[in-house]
Amino acid sequence: MELLPRSPGEFGSARYWDRFFRQRGQRPFEWYGAFPELCPVLHKYVRPRDKVLVVGCGNSELSEQMYDMGMCEDIVNIDISDAVICQMQERSGSKRPKMSYLLMDMLQMDFPDAHFQVVLDKGTLDAILTDEEEATLAKVDKMFAEISRVLQVGGRYLCVSLAQAHVLKKAVEYFCQEGWVVRVHQVASSGDKQQFVLPVFVYVMTKFRKIPGSALQILEICPDEQDKPMRVESAERLVAAVKDRQHYALLCSQLSKTPCGEQVSLDLCDRESGRPRYTLHVVDSPLVKPFRDNHFAIFIIPQGRETEWLFGTEEGRRQLAASAGFGRLVTVALHREQRYEGMAGIQAELSGKVMELSPPGLPARQQVPFLSVGGDIGVRTVRHCDTSPLSGEYVVEDVKGDGTCYFRRLIFLRNRNVVQSEARLLAPVPLPGQKKRRKDKKKPSPAEPPAAIDKSYLCCEHHKAMVAGLCLLGGPDPLPAPLAVLVVGLGGGSLPLFVHDYFSQAHVAVVEIDPSMLEVATRWFGFSQGDRMRVHVSDGLDYVAKLAAEAPAQYDAVMFDVDSKDLTVGMSCPPPAFVEKPFLQKVKTILKPEGVFVLNLVCRDAQLKESVLATLRDVFPLLYTRHIEGEVNEILFCQPSPEGQRDPTELGARARALEEALRQPGHPWDSSYVLADMLQAVKIL
């Protein structure tokens, strides 16, 4: 401990270093970055005939190893410590005649201008730039000026550093202003995570003649020795990129030592575009009994299925990891903007990177399996991309679900992990008299999904609950007719289309604020208007307010399935204005006395949710709630009159009767529908 300085400023003191090296003796002191790790970078920038200056050499073996390996022999080493210079002259003098050690202050060197092709600094800048005090920065400016003076044009200043933000920022800003090219290499780790956690970097500053008035900056980062340099646009972005790699190294070190209590999430980005290519979640299962081959596995989520509960939620991933039977499972989600060359290509791309996330106790040379559903990476076909002034960027895509089913989805890219609308696609049916395809004919690609929409199927569980809520309407007939329904929020149109098709005497009015969504629903989701279905492109708030003033008590059911564009609020459906008391009173006004208001509520803020429920109770005397299992959605059924309250058992019976009525001949129905289950689980608030 006595070797440490009393204050960071002593790192620049010759007296401190004399004492340090006398007490340490002959043992070489390496700050960080062993020669085998630095060698690949040094080989790129140091040529055998170069004159090399090593500043702040200490008693590091780096110069000796470069000399002995034949990398370079004309090496001059300088240091302010007389003790270490004498030590190194004695240790290396006769063995390496072309290499010299000189007592010299790098802030005031005796060399002529443009004397060296390379200046090498291993930890010296880090030792001097311990803070951002004015005196410290002035000393660093002097150091940089001297390095610039003794370097030839085209020469390289190689600085081995831990790249603290203020150190990197200072170096980059100084040399960019001088018109130099700045490139930062991350040094490959030796693999010994116990030895040194933080990654080591080499700044490579190449000297160019300064062009007066030029503001051109060339900044690059090389995160991997095999990769080409990546250009970055500013010093801030370069510092941020380095910080990301430092955080990743700390994370890998932590994961290699202890199991993670909470799930860890990170993005691996495409090096060309900088966009996320893979999203990884690290999930540990402490209850899994360890065997030799069940420590670690990688699970590739099929394309398009990353939003499913099993893959898109913490609880789902925890269940997936436990059922897979591995102590640590890394789930990998694939991004729609990227192209992938099958499971083998993904495995080749990820094998090295995911091993950095391996758990403690993984046996050496352990084969780590790559798992998936059905052994493939799924199918995702983007059908349409566009931008709406109201909803932002969105895509319509077809994805392969579990088994042979395909689904069409609408995704708003501002919230890309949420499926806005979804519809099942029908398998193609041969026309009457159509001949079977001959064996020698080219078969259609299995990756090509069908195009027709299955209008009999509601994909969203909350839509099923909203439909089931129609049996709250009074009267003995489970299929009320005629029926006037107002739906606020079109999306892909599945909900209003279903009500229109299966309630044959229903008249459905739909309000949608975004005209782009009407075009999407019509073109891509099989939606159409007619005598019993009309869409009004309007703000739902204005439309309901106008109805309340001009035509009260005209709707049997009002359904809100409208998303919020404001992601800063802890409620993503509906927008807060739709659940304010004055507006809810207008909703009550347009309902018939025995009608029902059905609200899809998606609220992660517990306090805000309780406030919404309290407001609803103030306006509607009768309130039921149905939580959608595995999702945040909660469906609220609100009635303007307390009369006719029914318990869940009675509601379940009415839902069964409604379901039977909808299953009559001429109404195709998917066998997985059980509306009764939706209402037997309601609670009365």
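The values are calculated or read from the model by the stated rules, or taken from the named source; none is laboratory data. Note that this is a predicted model, so its numbers are computed, not measured. Every residue, glycine as well, gets a Cβ built from its backbone with ideal geometry; the counts of neighbours run over all protein chains shown. Accessible surface is based on the protein model in full, side chains and every heavy atom, while ligands, DNA and RNA are left aside. Shrake-Rupley method; radii C 1.70, N 1.55, O 1.52, S 1.80 Å.
Points worth noting:
- Computed over Cα pairs, the Kirkwood radius of segment 120-210 leads via Stokes-Einstein (1.002 mPa s, 20 °C) to a diffusion coefficient of 155 µm² per second.
- As a calculated quantity, the FRET efficiency between GLN65 and GLU341 at R0 = 51 Å, using C-beta atoms, amounts to about 0.80.
- Relative contact order (%) - the chain, alpha-carbon pairs under 8 angstrom, separation at least six: 6
- The chain, accessible area per residue, ligands and nucleic acids excluded (1.4 Å, Å²): 48
- Descending by average beta-carbon neighbour count within 10 Å, the peptides 129-135, 238-244 line up as 238-244, 129-135, the highest first.
- FRET efficiency, 1/(1 + (r/R0)^6) with R0 51 Å, evaluated for GLU220 and ARG318 via beta carbons: 0.80
- Inter-label distance, MET355 to ALA451: 4.7 nm, where each label sits 7 Å from its Cα along the C-beta direction.
- Sequence-distant aspartates and glutamates (8 or more away, or on other chains) whose Cα lies within less than 18 Å of LYS565: ASP386, GLU393, GLU512, ASP514, ASP539, ASP542, GLU580, ASP605
- Along the axis of the charge dipole computed for the chain (Cβ charges of +1 for Lys and Arg, -1 for Asp and Glu, origin at the Cα centre), the listed residues VAL242, GLY345, GLY492 are led at the positive end by GLY345.
- Calculated translational diffusion coefficient of the chain (37 °C, 0.692 mPa s; Stokes-Einstein with Kirkwood radius over alpha-carbon pairs) equals 108 µm²/s.
- Cut-off 18 Å, label 7 Å out along Cα→Cβ of ASP270, residues of segment 335-355 by amide N: 335-343, 345-350
- Counting only DSSP H runs of at least 4 residues, each contributing -39500 (n - 2.57), and dividing by the residue count of the chain, the helix-based mean residue ellipticity at 222 nm comes to -9500 deg cm²/dmol.
- Here the spin labels are modelled as points 7 Å beyond Cα on the Cα-Cβ line, and at HIS115 and ASP293 they lie 6.5 nm apart.
- Here each label is just a point 7 Å from Cα along the line to Cβ, and for LYS581 and GLU650 those points are 3.0 nm apart.
- Cross-link pairs exceeding 23 Å between alpha carbons, from the set LYS44/LYS142; LYS455/LYS592; LYS170/LYS243; LYS588/LYS609: LYS44/LYS142; LYS455/LYS592.
- Overall form of segment 461-684: rounded. Here a/c, set by the Cα gyration tensor axes a ≥ b ≥ c, is under 1.5.
- Using alpha carbons only, the radius of gyration of segment 326-419 set against its Kirkwood radius gives Rg/Rh = 1.06.
- Leading residue at positive end of dipole, the chain (Cβ point charges), from ALA163, PHE620, VAL602: ALA163
- Cβ charges +1 (Lys, Arg) and -1 (Asp, Glu), total dipole of the chain, debye: 1880
- Other residues with beta-carbon under 11 Å from the beta-carbon of LEU329 carry, at +1 per Lys or Arg and -1 per Asp or Glu, a net charge of +2.
- Taking the Cα centre of segment 380-425 as reference, the dipole from Cβ charges on Lys and Arg (+1) and Asp and Glu (-1) amounts to some 80 debye.
- Of the solvent-accessible surface of the chain, computed with a 1.4 Å probe over protein heavy atoms with every protein chain present, carbon and sulfur atoms account for 52 percent.
- FRET efficiency for the GLU550 to ALA138 pair, using the beta carbon distance and R₀ = 51 Å, is estimated at 0.10.
- Loop sites in segment 539-629: GluC sites (Glu not before Pro), DSSP, at most 14 other Cβ within 10 Å: GLU580, GLU629
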